[in-house]
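Asks: Here's a structure for you.
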Amino acid sequence: MAEHPFSTEAIPAGARIACRVEYDGSHYSGWQSQAHLHVITVQDRLEQALADIAGTPVRVQCAGRTDAGVHAWSQVVHFDSPVARSCKAWVIGGNTRLPHDIRIHWVVPVAADFHSRFSAQSRSYRYVIANTVIRPALLYRQVTWHRRALDAGAMHAAAQALLGEQDFSAFRAASCQSRTPMRNVQFVDITRRGDLVLIEIRANAFLHHMVRNIAGALLAVGDGRRPSEWISQLLAGRDRTASAETAPADGLYLADVEYPSHFGLPATPYGPILLASNR
């Protein structure tokens, strides 16, 4: 690792800096700035806070552009520092200028060839479902509610068809701009923890709405509306219109981004925090 995230030693101007950002996406129109639409995004708030510290504009790049309402436990961003500031100044100063639903966890200097998006080896998402008869009042924007009883075992068995590199056209949004529907899902697991059902999925990258479309299909399997083999059939058919509706943004978290070890980024603890005591 390069420096302690709260180091008081100044990082030289021009250095490339990486940081981990956590946010509740409930009140934002996604991650990416959309100045032409006059909406507020997470990127807008973060860049303004960093600019206040630097005394000059700061532009950031992120590992994954989350949609409106989607949260991040571990979004990784990078920027080239226009001024000399310490890790502590970026973290503590940045957090004092950010709204309560966005937080910087660490800041470290990284090699000049580091890129938060293009250096990433994989991204992991967690989708948290409250499987209760009554919609929860607490955390209602941090979990997705599903009233019908879910069979997590059936969901897990069906989800194994998603593993490997294959065409995910059946789970791709119509607005997706990716040049290819091919993605490599490296891990998928569905478990029950009391009243919570948790979908965990890791891939090299994701298509637009891919996780939420997969979650919608798995919910249909879990509550018995569709058989377990339906996921395989959808993949083979490559037809988005044949699949289930897109699951809500509530409950979806960008949970981790993995990079080559030589970049020396701090490890991400298991999260979001509402799950940490329920492992």
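The numbers here are math on the coordinates, done by the rules we state, and not lab data. Note that the coordinates shown come from a computational prediction; the quantities given were computed from them, not determined experimentally. Positions of Cβ are generated from backbone atoms using ideal geometry, with glycine treated the same way; all protein chains shown enter the neighbour counts.
Asks: I need the phi-derived Karplus couplings for the stretch 174-182: 6.51 cos²θ - 1.76 cosθ + 1.60, θ = phi - 60°, integer Hz, Gly and Pro marked x.
Replies: Going residue by residue, I get 4, 8, 4, 9, 4, 6, 9, x, 7 Hz, with x marking Gly and Pro.
Asks: Could you put 182, 210, 155 in order, starting from the residue whose Cβ has the fewest other Cβ atoms within 10 Å?
Replies: In increasing order of surrounding Cβ atoms, one gets 182, 210, 155.
Asks: Residues with beta-carbon under 13 Å from that of residue 53, excluding residue 53: net charge, scoring Lys, Arg +1 and Asp, Glu -1?
Replies: +1
Asks: So what J values fall out for the stretch 130-139 if you push phi through Karplus, 6.51 cos²θ - 1.76 cosθ + 1.60 with θ = phi - 60°, rounded to Hz, Gly and Pro as x?
Replies: Residue by residue, the stretch 130-139 yields 8, 9, 10, 5, 9, 4, x, 7, 7, 6 Hz.
Asks: Let me ask something else about it. If you rank 80, 223 by fewest surrounding Cβ atoms within 10 Å, what's the result?
Replies: Working: 80 14, 223 17.
Starting with the residue having the fewest Cβ neighbours, the order is 80, 223.
Asks: Kindly work out what percent of the DSSP beta bridges joining two residues of the chain are antiparallel, to the nearest 5.
Replies: Looking only at bridges with both residues in the chain, the antiparallel portion is about 90 percent.
Asks: For residue 11, which sequence-distant residues (separation of 5 or more, or a different chain) have an amide H within less than 5 Å of its own amide H, given hydrogens modelled in the peptide plane?
Replies: HN-HN under 5 Å from residue 11: 85, 86, 87.
Asks: Per 0.36 nm of contour for each residue apart, how much would the distance between residue 139 and residue 10 grow if the chain were fully extended, relative to their Cα-Cα spacing?
Replies: That works out to 42.6 nm of additional length.
Asks: Now for a separate question. Show the residues, 5+ positions off or on another chain, whose built amide H is closer than 5 Å to the amide H of residue 106.
Replies: Long-range HN contacts for residue 106: 20.
Asks: Using the Karplus curve 6.51 cos²θ - 1.76 cosθ + 1.60 with θ = phi - 60°, work out ³J(HN,Hα) for each residue of the stretch 111-126 in order, rounded to whole Hz, and write x for Gly and Pro.
Replies: In residue order, the calculated couplings are 4, 5, 8, 6, 9, 4, 8, 7, 7, 5, 8, 7, 10, 10, 10, 10 Hz.
Asks: Near the amide H of residue 252, under 5 Å away, which other amide H atoms are found, from residues 5 or more places off or on another chain, if H is placed in the peptide plane?
Replies: Long-range HN contacts for residue 252: 71, 128.
Asks: May I ask for the Kirkwood hydrodynamic radius of the chain, worked out over all distinct Cα pairs and given in angstroms to one decimal? Provide the component values of the computation, followed by the final result.
Replies: Values: mean 1/r = 0.0511 Å⁻¹.
Over the chain, the inverse of the mean reciprocal pair distance is 19.6 Å.
Asks: Let me ask something else. What is the dipole size for the chain, taken about its Cα centre, with +1 at each Lys and Arg Cβ and -1 at each Asp and Glu Cβ, in debye to the nearest 20?
Replies: 320 debye
Asks: Using just the helices of the chain, give the 222 nm mean residue ellipticity in deg cm²/dmol: DSSP H runs with n ≥ 4 each add -39,500 (n - 2.57), and the total is spread over all residues, rounded to 500. Don't skip to the end; give the middle numbers.
Replies: Values: 6 runs with 50 residues, N = 279.
The helix-only estimate for the chain comes to -5000 deg cm²/dmol at 222 nm.
Asks: Going by C-beta contacts inside 10 Å, put 212, 97 in order with the fewest on the left.
Replies: Ordered from fewest to most neighbouring Cβ atoms within 10 Å, 212, 97 come out as 97, 212.
Asks: Name the residue from 96, 237, 187 whose Cα lies farthest towards the positive end of the charge dipole of the chain, charges +1 on Cβ of Lys and Arg and -1 on Cβ of Asp and Glu.
Replies: So the residue furthest toward the plus end is 237.
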